[in-house]
Structures are given as structure tokens and as C-alpha cells.
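First up is the structure itself, then whatever we jot down about it.
The values are calculated or read from the model by the stated rules, or taken from the named source; none is laboratory data. Computed from a predicted model, the values in this text were never measured in an experiment. In this analysis, Cβ positions are derived from the backbone assuming ideal geometry, glycine residues included, and neighbour counts consider all displayed protein chains. Surface areas here come from the heavy atoms of the whole protein model, side chains and all, with no ligands, DNA or RNA. Shrake-Rupley method; radii C 1.70, N 1.55, O 1.52, S 1.80 Å.
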Amino acid sequence: MIVVSDTSPLTALHCVGEEEILHRLFVKVIEPIAVREELMQSHALLPDWLEVRDVVDLAAAKRLTLVVDEGEAEASELAKELHADRLLFDERKGRRLAVAEGVSVIGLLGVVVLAKRRGLLPSARDLIAALKDRVGFYLS
């Protein structure tokens, strides 16, 4: 399964030391250039399995910035261009936009549940609690 990720889920998992879950769950985890730039502002070292790809249709990504920020727009457009299985995205507005663009979305909570079901986590609750306590992860 190929996943394109936005910044916030990667940052959240990195902050609690659980970013390897993505590598163990998905065949490829890809980020667009804008997401890489956002991540590098707060994380000096990123996993080597995290691939960076250019968005081909920059005009389409630019159009999406009327609704979401540049990283979210590029992630959504890149997922569409690559025919990714999922876009890892948490923000509600961005999720709606991605779905309207024909992109399947999974959120951080979905990743946690999937990891638990596949036996990659001893406790989904503990990881969710860590995300809430250390990152301010919010469940509506």
C-alpha cells in the first residue's frame, strides 16, 4: 500500500517516537517537497524510508492552496497523481477537499487502529494518550 502523507501525522508520530509504524504498515510512505520543508523546520533528522517526490501539476496544487496550505495542497495533489492507496491527512477541511478530488484518506487515528489490528502495537490507547499528552492530538 502506498501512502502520501501531510506534515501533521508525521510530526505527531515522530514526536512520540512511533514513526516506524508507518514504515511497518505501508509499502511506501511518500511526502511532497512542501511537506519535507515543513518537517525540516522542526525535525533535523527524518527516517530514510520516507520518500520525497515532486508534484507534477504545480498549477493544480496551487489551485488547492485557495482552500488549504501549501503542504496539504501538494500532498493531496501528489496522492492523486501517484494513484496512492491513501492520503494520510488529519485536518477536516483538507480531508474534505481530498475526497472531493477523488483521493482516499486515512487519518492518524485510522493508522493507530490499523497498527493495533495488525499486532504492531501493544496498546492503541497508550499511543493515543501519548499523542494527546505530548502533541495535543485532538479527537472530535
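Among Leu121, Leu87, Leu127, which is within 17 Å of Ala12 (Cα to Cα), more than 16 Å from the chain's Cα centre (by Cα), in contact (Cβ under 8 Å) with a residue 60 or more places away in the chain and outside any helix (DSSP H, G or I)?
Working: Leu87 fails: more than 16 Å from the chain's Cα centre (by Cα); Leu127 fails: outside any helix (DSSP H, G or I).
Within the list Leu121, Leu87, Leu127, the selection yields Leu121.
Do we have any residue at all in region 26-49 that's part of a loop (DSSP other than H, G, I, E, B), open to solvent by 60 Å² or more (accessible area, probe 1.4 Å) and under 18 Å from Val113 (Cα atoms)? Before the answer, list the steps.
Going residue by residue through region 26-49, those that are part of a loop (DSSP other than H, G, I, E, B) are 26-27, 43-49.
Adding the requirement that they be open to solvent by 60 Å² or more (accessible area, probe 1.4 Å) leaves 27, 44-45, 48.
Add one more test, that the residue is under 18 Å from Val113 (Cα atoms), and what stays is 27.
Within region 26-49, one or more residues are part of a loop (DSSP other than H, G, I, E, B), open to solvent by 60 Å² or more (accessible area, probe 1.4 Å) and under 18 Å from Val113 (Cα atoms).
Quick one: would you say Arg86 is open to solvent by 10 Å² or more (accessible area, probe 1.4 Å) and either at pLDDT below 95 or over 15 Å from Ser5 (Cα atoms) (or both)? Can you show your working first?
On the way: open to solvent by 10 Å² or more (accessible area, probe 1.4 Å): yes; either at pLDDT below 95 or over 15 Å from Ser5 (Cα atoms) (or both): no.
Against the criterion (open to solvent by 10 Å² or more (accessible area, probe 1.4 Å) and either at pLDDT below 95 or over 15 Å from Ser5 (Cα atoms) (or both)), Arg86 does not qualify.
Among Leu139, Leu114, which is more than 23 Å from Glu70 (Cα to Cα) and in a loop (DSSP other than H, G, I, E, B)?
Working: Leu114 fails: in a loop (DSSP other than H, G, I, E, B).
The unique qualifying residue is Leu139.
Count, please, the residues in region 50-83 that happen to be modelled with pLDDT of 95 or more, part of a loop (DSSP other than H, G, I, E, B) and open to solvent by 20 Å² or more (accessible area, probe 1.4 Å).
4
Of the residues that sit in region 87-102 and are aliphatic (A, V, I, L, M) and in contact with a Ser or Thr (Cβ under 8 Å, 6 or more places away or on another chain), which one is nearest to Leu66 (Cα to Cα)?
From region 87-102, those aliphatic (A, V, I, L, M) are 87-88, 97-100; that's our starting set.
Narrowing the set further to residues that are in contact with a Ser or Thr (Cβ under 8 Å, 6 or more places away or on another chain) leaves 87-88, 97-98.
Working: Leu87: 19, Leu88: 20, Leu97: 11, Ala98: 13 Å.
It comes out as Leu97.
Any idea which residue in region 11-25 is nearest to the chain's Cα centre (by Cα), counting only those that are over 12 Å from Ala115 (Cβ atoms) and open to solvent by 50 Å² or more (accessible area, probe 1.4 Å)?
Quick first cut of region 11-25, residues over 12 Å from Ala115 (Cβ atoms) only: 11-12, 14-17.
Then keep just the ones that are open to solvent by 50 Å² or more (accessible area, probe 1.4 Å); that gives 14-15, 17.
Details: His14: 12, Cys15: 14, Gly17: 15 Å.
Per the stated criteria, the residue is His14.
Just wondering, is there one or more residues in region 130-137 that are closer than 20 Å to Ile21 by Cα and small (Gly, Ala, Ser)?
Residues of region 130-137 that are closer than 20 Å to Ile21 by Cα, as a first pass: 130-137.
Retained after the next criterion (residues that are small (Gly, Ala, Ser)): 130, 136.
Yes, because at least one residue in region 130-137 is closer than 20 Å to Ile21 by Cα and small (Gly, Ala, Ser).
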